[in-house]
């Protein structure tokens, strides 16, 4: 299915996997809107796309901001939810419930209300792509909070694939991908973490944003794809 001239909104499209997805979809001829909270980052993202996308400042944790965003866009063929919420890392026994609640209130509820706000302008047989994370399906110590948030999104999305049909609803679950989300780590610690992860994966490397963007493009453009969960994690779930 050609997506030329189709209107696609990427919430969380100003950096990382969201921006990589925007680049692919722009290249495929789509009219792409990217939304995020940081105006400077949005402007830089639009510039990197050659001015072929529209950046709109919006907060996916705020319903009024989302409704304003949808009014400005007016109509959509596809919605990609790639925004990151508050982190809920840490050992289960020490993780404060407020940290988990904050993560749920940002990413899970942010995705929920983003789709609710978009439904009135979203083409009935268009598509939605939710971006989650491998921690929801790979048992890793210290990621129970991430698993709760992303696992909830996955189950919600697969239910919505039936409830909202013929709207197509799919999930992309990335593994460890080199994005600005990890730039807060000391350089040596980040390099060690990525090198260790690469050795443990069948593909021998960690992910790049474009690895994930290829999956987003496929799900948006394939009219036979719905209710899917794509683990794009370098084989992290492969039993060895």
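Pairing each residue of the range 180-205 that is at positive phi with any residue that is surrounded by 13 or more Cβ atoms within 10 Å (Cβ to Cβ), provided the two are 6+ apart or on different chains, yields C-beta distances under 9 Å for 204/198; 204/234. Among the numbered conditions (1) farther than 19 Å from residue 123 by Cα; (2) touching a strand residue (DSSP E or B) at 6+ places or on another chain (Cβ under 7 Å), the only one that residue 216 does not meet is (1).
Residue-by-condition table, conditions (1) free of Cβ contacts under 8 Å to residues at least 40 places away in the same chain; (2) farther than 16 Å from residue 129 by Cα; (3) loosely packed, with under 14 Cβ neighbours inside 10 Å:
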position	(1), (2), (3)
7	no, no, no
37	yes, yes, no
50	yes, yes, yes
88	no, yes, no
108	no, no, no
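The one condition from (1) within 20 Å of residue 179 (Cβ to Cβ); (2) surrounded by fewer than 21 Cβ atoms within 10 Å (Cβ to Cβ); (3) touching a strand residue (DSSP E or B) at 6+ places or on another chain (Cβ under 7 Å) that residue 133 does not meet is (2). With respect to the stated conditions, residue 237 is on the phi < 0 side of the Ramachandran plot, in contact with a strand residue (DSSP E or B) (Cβ under 9 Å, 6 or more places away or on another chain) and at pLDDT below 95.
If you go through the range 162-179 and keep only what is within 19 Å of residue 211 (Cβ to Cβ), touching a strand residue (DSSP E or B) at 6+ places or on another chain (Cβ under 8 Å) and either outside any strand (DSSP E or B) or free of Cβ contacts under 8 Å to residues at least 12 places away in the same chain (or both), you end up with 175, 176, 178.
Given the condition surrounded by fewer than 20 Cβ atoms within 10 Å (Cβ to Cβ) and in a loop (DSSP other than H, G, I, E, B), answer yes or no: does some residue in the range 147-161 qualify? Looking through the range 147-161, none of the residues is surrounded by fewer than 20 Cβ atoms within 10 Å (Cβ to Cβ) and in a loop (DSSP other than H, G, I, E, B). Taken as a whole, the condition of being under 20 Å from residue 225 (Cβ atoms), touching a residue at least 12 places away in the same chain (Cβ under 8 Å) and in contact with a helix residue (DSSP H, G or I) (Cβ under 6 Å, 6 or more places away or on another chain) does not apply to residue 28. When each of 226, 179 is tested for being at pLDDT below 90 and within 30 Å of residue 2 (Cβ to Cβ), the lone residue that passes is 179. Looking at the structure I just gave you, is residue 42 buried (at least 20 other Cβ atoms within 10 Å of the Cβ) and either in contact with a strand residue (DSSP E or B) (Cβ under 9 Å, 6 or more places away or on another chain) or under 29 Å from residue 178 (Cβ atoms) (or both)? For residue 42, the condition - buried (at least 20 other Cβ atoms within 10 Å of the Cβ) and either in contact with a strand residue (DSSP E or B) (Cβ under 9 Å, 6 or more places away or on another chain) or under 29 Å from residue 178 (Cβ atoms) (or both) - is met.
The values are calculated or read from the model by the stated rules, or taken from the named source; none is laboratory data. All values reported here derive from a predicted model rather than from experimental measurement. A quick note on method: Cβ atoms are made from the backbone with ideal geometry, for glycine too, and the neighbour counts reach across all protein chains shown.
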